[in-house]
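One structure below.
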Amino acid sequence: MNSADDGAARARLALEPESVGRGLATLVLTVVELLRQLMERQALRRLDEGGLSDEQIERLGSTLMALEENMIGVCRQFGLTLADLDMDLGPLGPLLGPAHPEFPRGG
């Protein structure tokens with residue numbers, strides 16, 4: 001490498017601790033939100049199949065609502081929105097699906 005390449009490499013590696021922390025928080029929250037949405041979809045499938053008691057349905061609904069509220073709260077603590085967590089998968093569309101009314105995308 002010549003000195004110009006060395007300087008460019010150092011510039012790319014000069015990361016601010018705050019941006020690294022925010023990037024890590026974004027990555028972790030993206031994975032958590034994806035898992036939360038997958039759990040919600042699975043729960044809806046089970047509900048549609050009709051194999052749950054009224055008590056199980058009530059518990060499932062309460063748990064999913066609490067998870068969503070907690071996720072929104074954690075996002076707010078980090079100054080993030082669901083738009084910050086989402087990834088464009090090209091022709092497959094967005095990773096996280098439709099926007100939540102609390103965190104509209106595209107703005």
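Leaving out ligands and nucleic acids, and using a 1.4 Å probe, what accessible area per residue does the stretch 12-56 come to in Å²?
About 78 Å² of surface per residue is accessible.
At 0.890 mPa s and 25 °C, plugging the Kirkwood radius over alpha-carbon pairs of the stretch 31-81 into Stokes-Einstein gives what diffusion coefficient in µm²/s? Display every interim value, and only then the final one.
Working: Rh = 11.9 Å.
After rounding, the answer is 206 µm²/s.
Roughly speaking, to the nearest percent, how much of the stretch 11-70's 1.4 Å accessible area is carbon and sulfur? If you can, show how the numbers build up before the last one.
Details: 2800 of 4660 Å².
Answer for the stretch 11-70 is 60 percent, counting heavy atoms of protein chains only.
The values are calculated or read from the model by the stated rules, or taken from the named source; none is laboratory data. Note that this is a predicted model, so its numbers are computed, not measured. Protein only, heavy atoms only, side chains kept; ligands, DNA and RNA dropped before computing areas. Shrake-Rupley method; radii C 1.70, N 1.55, O 1.52, S 1.80 Å.
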